[in-house]
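The block underneath contains the structure these notes are about, expressed in structure tokens.
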């Protein structure tokens, strides 16, 4: 797993599991995990992850967007397809999506919650996603839809 992917996976885990109120806090946590990062790097990571600052339980903290909220799942999927997907291939009744190492789970989760007709579900490894297609749906058509969304069309 690349340094960036590992760093972003840790940041995402911390944002989901704990209260993180500042970029400096993330820099310190990364240092404790043996990963050197500057505040500017963490800022870019937070932007790429789609993290935002929100007031929750009386405190301001960084949170990841809720992909099940109306309108957010489609926008999040489009952004992830554009930023994290390196290839989309229809293969033998399914669609295979390639990502950089450590990114497949994030993209697969967005695919699962997006509710795209014809997609039964996903299986994610480290850098590969297998998309199971419902009976009667066309893998070529699903791959085409994902390619178009990746290109911003």
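Data for the structure
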| read-out | value |
| --- | --- |
| Normalised contact order of the stretch 72-150, rounded percent, pairs of Cα under 8 Å and 6 or more residues apart | 34 percent |
| Structure-derived Cα extents along the principal axes in Å - corresponding label in (1) 43, 36, 31; (2) 50, 32, 25; (3) 62, 35, 34 | (2) |
| Theoretical gain in end-to-end length, residue 64 to residue 52 [0.36 nm per residue, Cα-Cα removed] | 3.7 nm |
| Alpha-carbon centroids, the stretch 1-48 and the stretch 83-134: separation in whole Å | 25 Å |
| Likely footprinting exposure, 84, 14, fewest C-beta neighbours within 10 Å first | 14, 84 |
| Residue 137-residue 40 FRET efficiency (beta carbon distance; Förster radius 41 Å; 0.05 resolution) | 0.40 |
| Fluctuation leader among 143, 120, 59 - the chain, Gaussian network, Cα springs under 10 angstrom | 59 |
| Sequence-separation-based contact order of the stretch 3-63, relative, with Cα cut under 8 Å and 6+ spacing, percent | 36 percent |
| Calculated [θ] (222 nm, deg cm²/dmol) that DSSP helices of n ≥ 4 give over the chain, each run adding -39,500 (n - 2.57) | -14500 deg cm²/dmol |
| Relative contact order for the chain, counting Cα pairs under 8 Å that sit 6 or more residues apart, in percent | 19 percent |
| Residue among 33, 108, 82 with the largest mean-square fluctuation in a Gaussian network model of the chain, springs linking Cα atoms under 10 Å | 33 |
| Residue 130/residue 18 FRET efficiency (R0 35 Å; Cβ-Cβ; nearest 0.05) | 0.65 |
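Rule-based calculations on the coordinates, nothing more; no lab input. What you see is a predicted model; the values in this text were computed from it and never measured. All Cβ positions, even for glycine, are placed from backbone atoms using ideal geometry, and neighbour counts span all protein chains on display.
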